[in-house]
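The values are calculated or read from the model by the stated rules, or taken from the named source; none is laboratory data. None of these values were measured; they are calculated from a predicted model. Here the Cβ positions follow ideal geometry from the backbone for every residue, glycine too, while neighbour counts run over all protein chains shown. In case anyone asks, the SASA skips ligands and DNA or RNA and just uses the protein heavy atoms, side chains included. Shrake-Rupley method; radii C 1.70, N 1.55, O 1.52, S 1.80 Å.
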Protein chains: 2
Amino acid sequence: MGKNEPKLSIIPLGGIGEIGKNMFVIKFEEEILIIDSGLIFPEEEMLGIDIVIPDITYLVENKDKIKGIVLTHGHEDHIGALPYVLQQISAPLYGTKLTLGLVEGKLKEHRLRRNIELNVVTPPCSANIGVFKVDFIRVNHSIPDAVGLAIHTPAGTIVHTGDFKLDQTPVDGRITDIHKFAELGKQGVLVLMSDSTNSEREGYTMSEKVVGYTIQDIFRKARGRILVATFASNVHRIQQIFEAAEKFERKVTVVGRSMINVVNIAIDLGYLKIPNDILVELDDINKLPLDKIVIITTGSQGEPMSALTRMAMSEHKKVDIVPGDTVLIAATPIPGNERTVGRTIDHLFKQGAEVIYESISGVHVSGHASQEELKLMINLTRPKYFIPIHGEYRHLVHHAQLAQELGIPEENIFIAENGLIMEFSKKAARIAGKVTSGKVMVDGLGVGDVGNIVLRDRKQLSQDGILIVVITLDKQKAEVVAGPDIISRGFVYVRESEKLMEESKERVKQALIKCQGKNMTEWSTIKTHVRDSLANFLYEKTRRRPMILPIIMEI
Amino acid sequence: MGKNEPKLSIIPLGGIGEIGKNMFVIKFEEEILIIDSGLIFPEEEMLGIDIVIPDITYLVENKDKIKGIVLTHGHEDHIGALPYVLQQISAPLYGTKLTLGLVEGKLKEHRLRRNIELNVVTPPCSANIGVFKVDFIRVNHSIPDAVGLAIHTPAGTIVHTGDFKLDQTPVDGRITDIHKFAELGKQGVLVLMSDSTNSEREGYTMSEKVVGYTIQDIFRKARGRILVATFASNVHRIQQIFEAAEKFERKVTVVGRSMINVVNIAIDLGYLKIPNDILVELDDINKLPLDKIVIITTGSQGEPMSALTRMAMSEHKKVDIVPGDTVLIAATPIPGNERTVGRTIDHLFKQGAEVIYESISGVHVSGHASQEELKLMINLTRPKYFIPIHGEYRHLVHHAQLAQELGIPEENIFIAENGLIMEFSKKAARIAGKVTSGKVMVDGLGVGDVGNIVLRDRKQLSQDGILIVVITLDKQKAEVVAGPDIISRGFVYVRESEKLMEESKERVKQALIKCQGKNMTEWSTIKTHVRDSLANFLYEKTRRRPMILPIIMEI
């Protein structure tokens, strides 16, 4: 790359090698544009962690250069980290009406609303943000008002698809703006960053309309009450449920905090268009005949505290499942949720409901482009360089293979990693180093105060529990004046373990005598000795390795 | 049911409403026959638990009536509980050669081999076990030598399919004995108990041969080394890997403890037929050119300690993944394992391997019958009563619906639950009560010593850790002579929390002063007071609820 050529860099802080916590930095000379600020849900090993957000050390260090944050749509993996990010950096936000509506609710909850500039964009449109001219391009996704981006810089144009699919028959009639992508391709695209979530899937992703047909089929056949669980943010699917209810002359009520929240925002902002009087309160709908009732609810992922799960377990205050109910789960389990979803379905069947779910086709379609759509996007935009984004490593690899099949040379494709600085000019591209990146764990009010040691301890505690050995020593006489006492939690039933505990105490006493014999006086040595001898004894007796915590009190 | 009519009962102790820990009791008058003794792997909430086995209280109470244990095949969910069961009851075992070969290894490991009568059966054949005449009927499954059963009793014949599919082109050429099932149907079947695992799947399950074709395709294309991960017990699939290796002139080595174990047993007993000299040691195969090497390995489920996972993480002692390797994962993730499998695939790609897995069809076929096969089984055997078995509740419901479609009246179908006594005569059937049944958790050497309280503690410990508050009191003077000291584990980084810990101590001190002021002398009251006030303080500060354990030492 020429020494004096202006430098354009793309730096992912999240969303590469993972599906979630999407955050990309575009830097031209001394100006920074941020795309999205998402969260990701914790992995199984992250015990007790609520959410995970990107490490933004790099942004904090370059605070003054940030010109704006552009949001592609309102899903948690694109806006969920904003309340945390905006405590450390400040910048004007750009997004569509629904996206910013959802962001506003989130900021209010975190008491962060003041002083944040929210710029509503209505595609097709452009905004000048510092040196960057950003075009907002309508795309189809599983939430309305999603956009892709064209970011024009002096070094060339970057196209970022956001999360997208090509729905030829979208519920709101507004298709992905393929003309704009075609036009950009004609003008010349330097870099394409494209959604890789479904890069393993052959063919095309089905239209959301297909789910509408399935819903109508189910409404046609149902004799009793109908309950539909789906993702709260899938406003178009909710629209289709309302349309079916209208057609089959049923009233609708909405249950579950996040579902009520999104439905209210979507109605207020005009994204959900429903007939007068169709929406009624839960208390009122219970007065209607069963075959006049539709309940839209959260819980499509079998979440333990969600409305549908509580209904299935007969723990919901106002809704009991009764024989004759039809329950439609209009969603597929997100990987990792298969068991909880299965359990919810089992309980619904036990209550006598007819349950319609994944095993029947057409109850759910994806919001992400499959291989044929991904290829079309590449062919439309004809980029010089290609960065597959929004995917686990295997998805990026598959997407890269597609791009190669279409003639993009291997050396122009970047299978990146978070933190990597990719530098571009009109003529060349290179890896120019790394910035700090990673996972920041949020647990309650604590952001980043839980690390590997804490997690390792939680893991050990979760497997075999803890034994606490308390000994009180007289400092002067150096002798035990109380204890050893042993208290256990999460180790074994106390009733079953009396003898084991007595033997354990005896083992600790012997260890202490040995310490005295060897003239050990360092507490840390005594503690280690007690811990090891008790650990060996317990492993021999039980094949378990509880955490052992010797505590010496000195008087 | 007539008062004096002889009583035939079927009592499931496991395998109803779950896929695993299969165990069915057949009782005629005062004689008992047991079918299978399986384990199930713990649910996510069962922290630290290794395996779960059926509660056999009922069998222990009726020890003297037990005439035998019949095993349908050698999978863990059918034989895995035997080492525990045989410590509490004794009975002769009946099974095919491979099944008992696997059982023997298991008993040896638990040092239980002596005094257990092992009866090898070779279908088609029968055995008289007490009053029961049991026919062993060959069925296809994902392990060789699987059988279904016909149990002839004075009250009528029970057919139990075991786990089965109808493979028209099985690898060993021996198809499910459909003639026998047809003959039984002609003679008259009182009760059919049939495998429900795949009752949600339409059509037919594909033949194991399909996987063989996929394997050959992959071998044809591969330029470098080939690694294949699959279930150790799927001997026919392993056979097909050897056949492909022979065809494409490669040598084979086997890696991973359970894979080596099963391959050795299968070769010894004649289930795996391999050409001379094709099998070589791992150390020797590394001397060959890469395009002459096949490695068969464990780890198809992404298990953390398995050979393939360690290779993917560059932690295997003898095998490193190198660019040019082809890795075939000839399995689908068992529900719950999706994330770990995905992670293994990602790491393999990162090491430069070409990975072929689930997203490409034909890498795995199920061992269980789909709907058309299930219907055929019902039509062949034409039972009077039908009990869907081996399935979660939703699978049983779907299987029952299939049976109804074929004309079995609803009242003759039992969607049962574990512990239920189903009583049959030639003329009638009824629910005759319940016996003790349930889940016994095994943790290390402890069988059943971990219960709900221990699990609840482990859960709390895993979420937010523990704080231990130690106070030493002088009994006479009733005053604090040492402490309060606070130790935490799994709660928060110590570095980050110094101030929080100081404030916590202060809070405890205040609580103790309050106790003195109110003249509280009961330790339990003091402890509760300390716990509550510290818990409130910490929740307010951190929104976390660690376990708080106040310990009072008395001198």
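What is the helix-to-structure angle for B:257-268, meaning the angle in degrees between its Cα long axis and the longest Cα principal axis of chain B, kept from 0 to 90 and rounded to the nearest 10?
The helix B:257-268 is inclined about 20 degrees to chain B.
List the residues whose amide H sits under 5 Å from the amide H of A:Val228, counting only those 5 or more places along or on another chain, with H placed 1.01 Å from N in the peptide plane.
A:Ile295, A:Ile296, A:Thr297, A:Leu328
Any chance you could check region B:29-49 for residues losing 50 Å² or more of accessible area when the partner protein chains are in, compared with the chain on its own (1.4 Å probe)?
B:Glu44
For peptide A:451-457, what's the mean number of Cβ atoms from other chains within 10 Å of each residue's Cβ?
Taking the mean over all residues of the peptide, I get 5.
Which value, in Å to one decimal place, does the Kirkwood hydrodynamic radius take for region A:160-244 when every pair of different Cα atoms is included?
15.6
Cα to Cα, under 19 Å, and not fewer than 8 places away if on the same chain: which aspartates and glutamates meet these conditions relative to A:Lys318?
Within the straight-line cut-off, A:Lys318 pairs with A:Glu281, A:Asp283, A:Asp284, A:Asp291, A:Glu303.
Place +1 on the Cβ of every Lys and Arg and -1 on the Cβ of every Asp and Glu in the protein assembly as shown, take the dipole about the Cα centre, and give the residue among B:Leu328, B:Thr99, A:Ile226 whose Cα lies farthest towards its positive end.
B:Thr99
Once the principal axes of the Cα atoms of region B:81-177 are found, what is the range along each, listed largest first in whole angstroms?
Principal axes ranked by extent give 40, 36, 18 Å for the Cα atoms.
Under a plain spin-label model, where a point goes 7 Å from the Cα along Cα-to-Cβ, how far apart in nm are A:Lys317 and B:Asn261?
With each label point 7 Å from Cα toward Cβ, the separation is 5.2 nm.
Using heavy-atom solvent-accessible surface (probe 1.4 Å) with all chains present, what is the largest-first order of A:Thr521, B:Thr99?
Final ranking, largest accessible area leading: A:Thr521, B:Thr99.
How many angstrom lie between the Cα centre of region A:149-220 and the Cα centre of region B:150-200?
51
How far is B:Gly451 from itself in the other copies, in nm, if each label sits 7 Å out from Cα along the Cα-Cβ line, shortest first?
Counterpart label points of B:Gly451 in the remaining copies fall at 4.2 nm.
Ranked highest first by the average count of other Cβ atoms within 10 Å around their residues, in what order do B:161-167, B:510-516 fall?
Taking the mean over residues of other Cβ atoms within 10 Å, the ranking is B:161-167, B:510-516.
At a 1.4 Å probe, what is the % contribution of carbon and sulfur to the accessible area of region B:208-360?
Carbon-and-sulfur percentage of accessible area, whole number: 52.
At q = 0.12, 0.18, 0.25 Å⁻¹, what log₁₀ I(q)/I(0) does region B:43-99 have when each alpha carbon counts as one equal point scatterer in the Debye sum?
Rounded to two decimals, the profile gives -0.35, -0.72, -1.10.
Expressed as a whole percent, how much of the Cα-Cα distance distribution for region B:288-331 exceeds 17 Å?
Taking all Cα-Cα pairs of region B:288-331, the fraction more than 17 Å apart is 29 percent.
Counting every Cα pair in region A:378-532, what percent are over 24 Å apart?
Counting every Cα pair in region A:378-532, those more than 24 Å apart make up 63 percent.
State, as an integer percentage, the relative contact order of region B:59-99 based on alpha-carbon contacts under 8 Å between residues 6 or more apart.
Here the relative contact order equals 54 percent.
Could you work out the Kirkwood radius for region B:208-360, taking every pair of different alpha carbons, averaging 1/r and inverting it, reported in Å?
Computed over Cα pairs of region B:208-360, the Kirkwood hydrodynamic radius comes out at 15.2 Å.
Report the Cα centroid-to-centroid distance between region B:79-106 and region B:493-555 in angstrom, as an integer.
Cα centroid of region B:79-106 versus Cα centroid of region B:493-555: 53 Å apart.
Remind me, what semi-axes does region B:452-554 give for its equivalent ellipsoid, largest first in whole Å, using sqrt of 5 times each Cα gyration tensor eigenvalue?
Square roots of five times the eigenvalues give 24, 16, 12 Å.
Ordered by residue, what ³J(HN,Hα) values in Hz, to whole numbers, does region B:81-89 give under the Karplus form 6.51 cos²θ - 1.76 cosθ + 1.60, where θ = phi - 60° and Gly and Pro are x?
Each residue's phi maps through the Karplus curve to give 8, 3, x, 7, 4, 6, 7, 10, 9 Hz.
A drop of at least 30 square angstrom in accessible area, chain alone versus all protein chains together, probe 1.4 Å. Which residues of region A:490-531 meet that?
A:Gly490, A:Val492, A:Tyr493
What total accessible surface area, summed over both chains, is buried at the interface between chains A and B, computed with a 1.4 Å probe and given in Å² to the nearest 100?
Interface between A and B: roughly 5800 Å².
What ³J(HN,Hα) values, in whole Hz, does the Karplus curve 6.51 cos²θ - 1.76 cosθ + 1.60 give for region A:142-147 when θ = phi - 60°, with x put for Gly and Pro?
7, 9, x, 6, 8, 9
Taking the label point 7 Å from Cα in the Cβ direction, how far apart in nm is B:Phe248 from each other copy of itself, listed shortest first?
For B:Phe248, the other copies' label points sit at 5.1 nm, shortest first.
Output the pairs from A:Lys287/A:Lys350; B:Lys108/B:Lys165; A:Lys27/A:Lys434; B:Lys7/B:Lys426; B:Lys65/B:Lys133; A:Lys434/B:Lys317 with a Cα-Cα distance over 20 Å in this structure; if there are none, say none.
A:Lys287/A:Lys350; B:Lys108/B:Lys165; A:Lys434/B:Lys317
Collect residues whose amide H, placed 1.01 Å from N in the peptide plane, falls under 5 Å from the amide H of A:Lys434; neighbours closer than 5 in sequence don't count.
It is A:Ile421, by chain and number.
Based on alpha-carbon centroids, what's the gap between region A:333-360 and region A:386-428 in Å, whole number please?
Using only Cα atoms, the two centres lie 38 Å from each other.
May I have the extent of the alpha carbons of the protein assembly as shown along their three principal axes, as whole Å values ordered from largest to smallest?
Here the spans come out as 92, 82, 78 Å, largest first.
Lys pairs in region A:452-554, Cα-Cα under 26 Å, at least 8 apart or on separate chains: how many?
28
When ranked by the protection proxy of mean other Cβ atoms within 10 Å per residue, highest first, what sequence do the peptides A:27-33, B:333-339 form?
A:27-33, B:333-339
Which of the lysines could a cross-linker bridge to A:Lys273, judged by Cα under 22 Å and excluding same-chain residues fewer than eight apart?
Reachable lysines: A:Lys97, A:Lys209, A:Lys247, A:Lys251, A:Lys292.
Given contacts defined as C-alpha pairs under 8 Å and at least six residues apart, what's the relative contact order of chain B, whole-number percent?
16
Count the net charge of all other residues whose Cβ sits under 9 Å from the Cβ of B:Gln371, scoring Lys and Arg as +1 and Asp and Glu as -1.
The answer is -2.
Provide the descending list of Cα extents for region A:15-69 along its principal axes, expressed in whole angstroms.
40, 19, 15
May I ask you to give the solvent-accessible area per residue for region B:452-554, in square angstrom, as obtained with a 1.4 angstrom probe?
Counting only protein heavy atoms, the per-residue value for region B:452-554 is 53 Å².
Treating only the Cβ atoms of Lys and Arg (+1) and Asp and Glu (-1) as charged, compute the dipole magnitude of region A:68-209 about its Cα centre; round to the nearest 20 debye.
Here the size comes out at about 440 debye.
Please give the average number of partner chain Cβ atoms lying within 10 Å of the Cβ of each residue in B:337-348, rounded to a whole number.
Taking the mean over all residues of the peptide, I get 4.
Sequence gap at least 6, Cα distance under 8 Å: using those rules, report the relative contact order of region A:452-554 to the nearest whole percent.
38
Report P(r) for chain B: all Cα-Cα distances, bin width 10 Å, range 0 to the bin holding the largest distance, values in whole percent.
Computed distribution, short to long bins: 3, 16, 22, 20, 15, 12, 8, 4, 0.
To one decimal in nm, how far is A:Leu290 from the same spot in the other copies, if labels go 7 Å from Cα toward Cβ? Please give the shortest first.
Between copies, matching label points for A:Leu290 lie 6.5 nm apart.
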